[in-house]
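Just below is one structure, and these are the notes that go with it.
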Amino acid sequence: MKTKAIISGVAAYVPDHILTNKDFEKMVDTSDEWITTRTGIKKRHILKDPDKATSDLGAEAARALLKKTNTHPEEIDMIMVATVTADYPFPDTANIIGHKIGAKKAFGYDINAACSGFIYTLVTASKFIETGTYKKIIVIGADMMSSIVDYEDRTTCILFGDAGGAVLLEPGTENGIIDAVLGADGSGADYLYCKAGGSRHPASHETVQNREHFAYQEGRVVFKAAVKGMSDCIEDVMAKNGLTSEDVQWIVPHQANKRILHAVANYLDVSTDKVLINIENYGNTTAATIPLCLRDFEHKFKKGDNIILTAFGGGFTWGAIYLKWAI
Ligand code: UT7
């Protein structure tokens, strides 16, 4: 039987400090009522320690994963990290995390696909397992969004939070990752991006003054594209694998807006009970939302359940993974 990549464990970490909607009422012109009805978010966790960064969010999640799966760090072959808030432009965050957790035999790298980062990274990692190249890979989604959020811009600051999530990928035959559909459209780059800090607009006095190092989004455009993008790729992966909505037990989506997720359920004619949502507690944590959601709802999953992971984000990027729960 063909070797598949199975998720053999899942863990996550959120920092202690919490920003509630009420806190935002004191910071910008907004209200708990607007944020709740327009996004579904009630609170987000924020990494306040000035000595910590995205690698610490990822390392905490990875440590929890190693403990939970009773795995020694030196058993890990590879670490892959999805993030848009790497500790540095270079080197990558994956190997910093490897050092922090004592994974001395592992190597790794980062993948930047914004909110679809965890989907892209999980698919990439699964190929190293399917080909028999590696036996134990930690796939991390981690973002310290508070490092690129403009807390004077009410249209974006209320959306994001900080978190790290991690899964262990191992070989299996019976269940695991069955198929995936990935997509991208680079013409979407202008609608959701960080203007400065890259080679196009390196950091300067001017870029700082113009607040160009923060995440910028044209919300309405992204909203529409996200509903269509996620719905289409879920439909594609289901059709490719002969699945009807009755065959799917759970949809685990990227958490950007509760209204987006209800619209996707509606579009696909799937019960909203099957679409797992925890955005109220964390906001949009970019690459961390899917592993965080898996961690929060793992108790509901049964071995063999058909699960679809999906995301849409900056790029534009999107994707859906069909897997059978293996633990
Ligand atoms: O994760 C990556 C992908 N990202 C997404 O999928 C996010 C997609 N977009 C969204 O989730 C939504 O577009 C937002 C939550 C960002 C905004 O919600 P919206 O329903 O699309 O609002 P809008 O941008 O159309 O703005 C409606 C009104 C505007 O006022 P006017 O022009 O109608 O007077 C905004 O200025 O709401 C105003 N507004 C706010 N009011 C109170 C925008 N932000 C706020 C705020 N509090 N925080």
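Quick notes
- Residues in region 211-230 that are open to solvent by 80 Å² or more (accessible area, probe 1.4 Å), away from the ligand (no atom under 11 Å from the Cβ) and more than 16 Å from CYS115 (Cβ to Cβ): ARG211 only.
- Between VAL237, VAL264, VAL208, the distinction of being among the aliphatic types (A, V, I, L, M) and within 16 Å of the ligand (Cβ to nearest atom) belongs to VAL264 only.
- Within region 31-52, the set of residues being buried (at least 21 other Cβ atoms within 10 Å of the Cβ) and assigned to a loop (DSSP other than H, G, I, E, B) comprises ILE41, LEU47.
- Of all the listed residues (THR39, THR71, THR30), the sole one being within 16 Å of the ligand (Cβ to nearest atom), closer than 28 Å to TYR120 by Cβ and of a type in the set (S, T, N, Q) is THR39.
- Candidate set: region 253-284, residues that are among the hydroxyl-bearing types (Ser, Thr, Tyr) and out of contact with any helix residue (DSSP H, G or I) (no Cβ under 6 Å at 6 or more places or on another chain); chosen: the one most open to solvent (accessible area, probe 1.4 Å): SER271
- Residues within region 272-301 that are in a loop (DSSP other than H, G, I, E, B) and either at pLDDT below 95 or not small (Gly, Ala, Ser) (or both), tallied: 5
- Take the conditions (1) surrounded by 24 or more Cβ atoms within 10 Å (Cβ to Cβ); (2) farther than 16 Å from VAL10 by Cα; TYR322 misses just one of them, which is (1).
- Just one of the listed residues (ILE119, ILE138, ILE111) is under 18 Å from the mean Cα position of the chain (by Cα) and either modelled with pLDDT under 95 or more than 15 Å from ALA94 (Cα to Cα) (or both), and it is ILE119.
- Test set (1) over 28 Å from ASN281 (Cα atoms); (2) modelled with pLDDT of 95 or more - THR173 fails condition number: (2)
- Test: residue in region 88-104 that is in contact with a helix residue (DSSP H, G or I) (Cβ under 6 Å, 6 or more places away or on another chain), in a loop (DSSP other than H, G, I, E, B) and surrounded by fewer than 18 Cβ atoms within 10 Å (Cβ to Cβ): yes
- Inclusion of ILE79 among residues that are in a helix (DSSP H, G or I), β-branched (Val, Ile, Thr) and either at pLDDT below 95 or surrounded by 24 or more Cβ atoms within 10 Å (Cβ to Cβ) (or both) is not warranted.
- Residue list for region 239-271, restricted to those being farther than 17 Å from ILE41 by Cβ and out of contact with any strand residue (DSSP E or B) (no Cβ under 9 Å at 6 or more places or on another chain): ALA239, GLY242, THR244, SER245, GLU246, ASN266, TYR267, ASP269, SER271
- Of all residues making up region 106-136, the number that are more than 15 Å from the ligand (Cβ to nearest atom), open to solvent by 30 Å² or more (accessible area, probe 1.4 Å) and in a loop (DSSP other than H, G, I, E, B): 6
- Near pairs, Cβ below 8 angstrom, 6+ apart or cross-chain, from region 26-44 (at negative phi) to any residue that is assigned to a strand (DSSP E or B) and not polar (S, T, N, Q): LYS43/ILE18; LYS43/LEU19; ARG44/ILE18; ARG44/LEU19; ARG44/PHE160; ARG44/ASP162
- For the condition away from the ligand (no atom under 13 Å from the Cβ), farther than 30 Å from SER204 by Cα and touching a Pro at 6+ places or on another chain (Cβ under 9 Å), VAL252 does not qualify.
The values are calculated or read from the model by the stated rules, or taken from the named source; none is laboratory data. None of these values were measured; they are calculated from a predicted model. Methodologically, a virtual Cβ is constructed for each residue, glycine included, from the backbone with ideal geometry; neighbour enumeration extends over all protein chains shown. Areas reflect the complete protein model, heavy atoms only, side chains present, ligands, DNA and RNA absent. Shrake-Rupley method; radii C 1.70, N 1.55, O 1.52, S 1.80 Å.
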